[in-house]
Amino acid sequence: MRLTGKTQLYGIIGYPVKHSLSPLFQNLFFQSCNVDAVYVPFEVSPENLKDAIRGLKALKVKGVNVTIPHKEAVLELVDHIDEHAKVIGAVNTLKFAENEIHAFNTDWIGFKRALLELIPNQTDKNPKALVLGAGGSSRAVLYALKELNYQVYIYNRTKERALKLSQELKTQVVDRPEDVIDKVKLIVNTTSVGLNPTDPPIFDYDRISTNHIIVDIIYRETPLIKKAKQLGCKYQTGLEMLIYQGVESFKIWTGIEVPQELIDQAKREVTLASSL
Ligand code: ATR
């Protein structure tokens, strides 16, 4: 990497941010696409978020990704919010224009693109999905599934949260995943359950059949993904969604569509880094 006086600055703000894989592949994109820019992690605690945004603006940083726990709080600090992000209620990408900050959500696009890669030929006219979780990530996933005409059932440990979400994004809340598991083709985990391999399962994973398609938005191999593999189900981890949300952010910042070979290279590098 060769930095010059003209090198432009991009990054990610989160708390914590040490484990982020975005610097790895965003810098690969910048370098391979010959953009004189660098992408760095910024650890910003919630009480410093406002100052950090002002600072990024003052330093003429061109764009940042926004991750946990700032995806919702940052809405208050920007000038324009893209229509999709408004409905989802969270943003993960900021673009600093001359005197304005534009906010976008690319998580839903990342999820949608990853899912279309997993299920390229959707033949089912009335596809049904079960979404586990009702947090910030669940909102983006639900939004994408709605765009793809899925009928969605949602399960969350705290039912009130699922009910609130279902009112806003028009889904059905279930008391137990087991109640609808035989009706759905797709199961998506958006909770943090499985991050730790000893986490107890969200439901009885023995109810999963070979025909189910399993997506877990956690990057690493969770017990749910292990089960899917064991059964020979089609499955996908969160790595694809992660890369594709980044591809979309990159396009917003630079106007460049990352070529497929580079996306594949990013997937290989990120897979390697996340397994270390
Ligand atoms: P994110 O932005 O990543 O979605 P979040 O908004 O904190 O993070 O949401 C975390 C999700 O994981 C929620 O659906 C949460 O369930 P609750 O609403 O009941 O808290 C779910 N979750 C986290 N730990 C869980 C656990 N041990 N069992 C079941 N669900 C869990």
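The values are calculated or read from the model by the stated rules, or taken from the named source; none is laboratory data. Remember, it's a predicted structure, so these values are computed and weren't measured experimentally. Neighbour counts are summed over all protein chains in view; Cβ atoms, including those assigned to glycine, are modelled from backbone coordinates with ideal geometry. Heads up: the accessible areas ignore ligands, DNA and RNA and are worked out on the full protein's heavy atoms, side chains in. Shrake-Rupley method; radii C 1.70, N 1.55, O 1.52, S 1.80 Å.
Rolling a 1.4 angstrom probe over the range 69-127 with all protein chains present gives an accessible area of which 49% lies on carbon and sulfur atoms. Please go through the residue pairs K226/K251; K57/K170; K71/K159 and name each one whose alpha carbons sit more than 25 Å apart in this structure. Cα-Cα > 25 Å for K226/K251; K57/K170; rest within. Note on the range 196-250 and the range 108-128: Cα centroid distance 15 Å, given to the nearest whole angstrom. Restriction of the chymotrypsin sites (Phe, Trp or Tyr not before Pro) in the range 1-48 to DSSP coil positions whose beta-carbon has at most 16 other beta-carbons within 10 angstrom yields no sites.
On the protein heavy atoms, probe 1.4 angstrom, tell me the percent of accessible surface of the range 147-235 carried by carbon and sulfur. About 46 percent, which is the carbon plus sulfur part of the accessible surface.
Can you tell me how the range 1-55 classifies by the Cα gyration tensor, rounded, prolate or oblate, using a/c under 1.5 as the rounded cut? In terms of gyration-tensor shape, oblate. Within the range 1-80, the trypsin sites (Lys or Arg not before Pro) that combine a DSSP coil assignment with at most 15 other C-beta atoms in a 10 angstrom radius are R2, K6, K18, K60. Once you have a ≥ b ≥ c as the square roots of the Cα gyration tensor eigenvalues for the range 101-203, tell me rounded if a/c is under 1.5, and otherwise prolate or oblate according to whether a/b is larger than b/c. Cα axes put the range 101-203 in the rounded bin.
The range 136-178 and the range 48-76 have Cα centres separated by 28 Å. Could you work out how far helix 238-254 tilts from the main Cα principal axis of the chain, as a 0 to 90 degree angle to the nearest 10? Helix 238-254 and the main axis of the chain meet at about 30 degrees. Helix 107-118 and the longest principal axis of the Cα set of the chain meet at an angle near 50°. Against the chain, whose longest principal axis is taken from its Cα atoms, helix 260-274 shows a tilt of about 80°. Remark: the range 133-250 carries 46 Å² of accessible area per residue (probe radius 1.4 Å; ligands, DNA and RNA excluded). Here is the list for the range 76-127: trypsin sites (Lys or Arg not before Pro) lying in DSSP coil, each with at most 11 other C-beta atoms within 10 angstrom of its C-beta, are K125.
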